[in-house]
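Asker: To start, I am sharing the structure in question, which I have written as structure tokens.
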Amino acid sequence: MTAQSETHSDHSAAGGGGSGAVGKSRAEHVGADPGGAAGGGGTAGSPDDELLLAALLDGMDAALCAFDADGVVTHWNREAERILGWTAEEAVGRRGLAGWAVRSADAAHVEPRLLGAMDTPGRQVHEFALVTKDGGRVLVRTQSSGVAGADGRPTGVYCAFSEVHAQIDLERSIALSEALFEDAAWGVVLVDADLRPAVVNTHAARALRLTSRTAVLGRPLGELLDHGLDELESALQHVLAQGAPPAPAEIWVSLRREAERGEEDGETGSQAPAAGASGDGRRGRCWRSGFLRLASPLAEEPVPLGVAWLFRDVTDEKRAAQDVSRLRFRDNQLHRAARAAAECENPMEAAAVHLDFSLAGFADHALLDLLPVGGPASPEGGPASSEGAGGAPVPLVRAAATPASSHGHGPVVEAGLASGIPVGYGPTHPAVQAYDRGTTVRTSVGGAAVPGWAQGRKWPDGTVHGLCAVLRSRGRTLGVVTFLRGSSRRGFDRADASYAEDIAVRLASAVDLARTLRG
């Protein structure tokens with residue numbers, strides 16, 4: 001077999017495989033300097049040095065053999081015995097490898113390359129096919145280097161070797177690590193036993209909004225993440241204690257530096273077109289995360305070195321799935337409401353049924369405010385006017401509200417169809433703005449209740465988000481339906497505005513029918 005060789009001057013000696021095994025050297029073949037052929041030095045004839053040298057060779061993870069200047073084997077450790085099967089007693093003292101560790105036909109190519117390291121600076125790397133004691137063949141990768149005596153003349157050569165597949169496995173592991181930290185399309189973070197990032201790859205650095213891969217090293221995760229931090233740390237602690245979970249975990253996170261940004265649209269008066277205004281209020285990211293516990297392979301018992309956290313951003317996929325589920329549920333609610341309303345003899349009772357069904361998974365409160373019969377309804381083809389006679393705000397009258405109590409839908413206010421006391425909205429009230437513009441209006445005070453904000457709009461206490469949609473039928477605006485949410489819910493988004501408009505269409509048909517029947 002033709003050997004492939006390559007000169008290396010700075011590689012480590014051993015390279016690779018197998019568990020440690022104890023080697024053995026024989027002093028009668030070493031002469032006055034028992035350590036000379038295996039790498040140097042030592043006091044001649046010292047039993048302690050002899051034992052120390054043997055112990056060092058015994059503890060190596062790579063197979064090692066050494067030759068003197070005449071090519072006689074002087075050292076043969078237990079890892080070499082494990083790979084080839086030849087014991088130290090059988091190997092030490094033989095001249096060269098031909099006929100026992102190397103086929104005679106290959107010896108002319110193998111031995112000159114090995115012994116040639118005495119006259120060549122640096123380490124020589126080769127791949128040879130060696131022969132095992134039972135007659136088999138094993139491909140090994142060797143690193144050989146010459147040994148010089150005190151006078152600088154070459155006195156021998158040592159050769160460290162390992163099975164090629166073990167070396168290739170090591171190189172694959174190294175190449176995999178490099179690829180994960182440079183070119184991977186998902187984030188990789190190595191977290192130490194103190195739950196602090198130790199290594200971050202390029203993708204993870206971008207996801208965490210870091211200026212560089214080293215900017216986060218050694219810093220607590222709490223400086224990076226806001227929402228989702230507790231869940232992530234719990235997962236890391238579990239992996240350190242119990243091992244990797246059986247399946248990936250989906251964790252919603254938000255970055256600390258983005259935590260103070262507003263999550264909803266601006267204060268009162270933000271207009272939403274038919275599809276609603278931009279900004280859906282869901283700023284977190286969903287990271288599908290896998291975890292692997294890292295343990296040292298060199299310890300007798302596994303010693304946790306940390307956790308490898310691999311994650312991929314699946315926010316778009318999750319939100320698309322959530323939107324589909326939400327749309328399916330809302331379509332089902334509209335269908336159920338239409339079937340229930342069809343059984344109502346009174347059209348205004350049907351409107352109240354629609355209002356009741358609209359609350360499920362959508363809002364905490366719903367208000368139906370109508371223009372009194374004979375009021376300043378908008379003319380055909382144009383929006384309504386928000387001012388009545390004398391420039392006063394339009395007198396919207398409460399026709400229904402739900403929930404009016406802990407159970408059942410709100411009472412229908414029949415007076416609202418002919419006359420009644422106006423709700424008393426001011427000209428800047430979102431319902432009045434929606435009525436005036438003939439479109440949907442969303443408003444929000446943020447994520448927490450502000451004293452006086454809901455009361456000033458004549459809404460229930462604790463309200464922080466509102467959405468007002470107009471009721472249009474036969475080219476005329478008949479009133480406004482208002483949906484309200486508390487601080488436990490997010491603000492209304494585009495899809496919510498579209499759903500509210502679907503409900504408003506059904507309410508408007510019921511109200512228009514009621515007024516038509518009343519003459």
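The values are calculated or read from the model by the stated rules, or taken from the named source; none is laboratory data. This one's a predicted model, so the numbers in the text were calculated from it and none came from an experiment. Quick reminder, even Gly has a Cβ in these numbers, built from the backbone with ideal geometry, and neighbours come from all protein chains shown. Keep in mind that these areas ignore ligands, DNA and RNA; they rest on the heavy atoms of the full protein, side chains included. Shrake-Rupley method; radii C 1.70, N 1.55, O 1.52, S 1.80 Å.
Asker: Between rounded, prolate and oblate, where does region 113-177 land on the alpha carbon gyration tensor, with a ≥ b ≥ c its root eigenvalues, rounded for a/c under 1.5, else prolate if a/b exceeds b/c?
Answerer: Taking the square roots of the gyration eigenvalues as a ≥ b ≥ c, region 113-177 is oblate.
Asker: Provide Met60, Met348 ordered by accessible surface of protein heavy atoms (probe 1.4 Å), highest first. Could the numbers behind the result be given before it?
Answerer: Values: Met60 45, Met348 5 Å².
In descending accessible area the options line up as Met60, Met348.
Asker: When only alpha-carbon atoms are used, what values of Rg and Dmax, in angstrom, describe region 128-218?
Answerer: Both quantities, over Cα of region 128-218: 21.9, 60 Å.
Asker: Let me check something: with ligands and nucleic acids excluded, how do Tyr435, Tyr158 order by accessible area (1.4 Å probe), largest to smallest?
Answerer: Tyr158, Tyr435
Asker: Another one. Along the charge dipole of region 65-150, pointing to its positive end and built from +1/-1 on Cβ of Lys, Arg, Asp and Glu, which listed residue (Pro121, Val131, Phe67) has its Cα farthest out?
Answerer: Val131
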